[in-house]
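A short worksheet on the structure shown next.
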Amino acid sequence: MRLFGKHLIDRGLITEIQLVEALDNQRRLTPNIGLVAREAGKLTVHQVLEVLNRQERSGGRFLEAAVELGFLRPGDVDTLLRRQRAQRPRLGKLLVQMSYLTDQALMHELDLYLADATERKDGRRPKKRRIVTAA
């Protein structure tokens, strides 16, 4: 499935630069996984620091190091990643906040995007759709 940002670029509603700016904001505003684990009660501050030290020495990912150190179970990883994903700001909302899209245009494009995804899933070619701009 094509990503929503690519959909907006293909429809001429945002530029690649605007998408990169919004994705950068999304990345910056998404809580890091150590904070998510601490807030979920899965790690203490001391354990987070130990994991960061291990990560610095050996590279690798934070959650992998936490599992290797015995602070997390493999099942905790999926739970924490889901929590982090749930706390990540939505791209469309960011594009509206950055004044690259209006709320009305966002809702319209989400409808089109989801309809296209459904058609592709069903094996049909997506219909050509007109661009609606909202002032």
Tally time: how many residues in the range 1-44 are among the β-branched types (Val, Ile, Thr), without any contact (Cβ under 8 Å) to a residue 12 or more places away in the chain and farther than 20 Å from Asp111 by Cβ?
4
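One line per residue, one yes/no per condition, for (1) surrounded by 13 or more Cβ atoms within 10 Å (Cβ to Cβ); (2) among the acidic types (Asp, Glu); (3) modelled with pLDDT of 95 or more; (4) in contact with a His (Cβ under 8 Å, 6 or more places away or on another chain):
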residue: Glu50; (1), (2), (3), (4): yes, yes, yes, no
residue: Gly70; (1), (2), (3), (4): no, no, yes, no
residue: Pro74; (1), (2), (3), (4): no, no, no, no
residue: Thr79; (1), (2), (3), (4): yes, no, yes, no
residue: Leu91; (1), (2), (3), (4): yes, no, yes, no
residue: Thr102; (1), (2), (3), (4): yes, no, yes, no
residue: Ala117; (1), (2), (3), (4): yes, no, no, no
residue: Thr133; (1), (2), (3), (4): no, no, no, no
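The values are calculated or read from the model by the stated rules, or taken from the named source; none is laboratory data. Remember, it's a predicted structure, so these values are computed and weren't measured experimentally. Please note: Cβ atoms are built from the backbone with ideal geometry, for glycine as well, and neighbour counts cover all protein chains shown.
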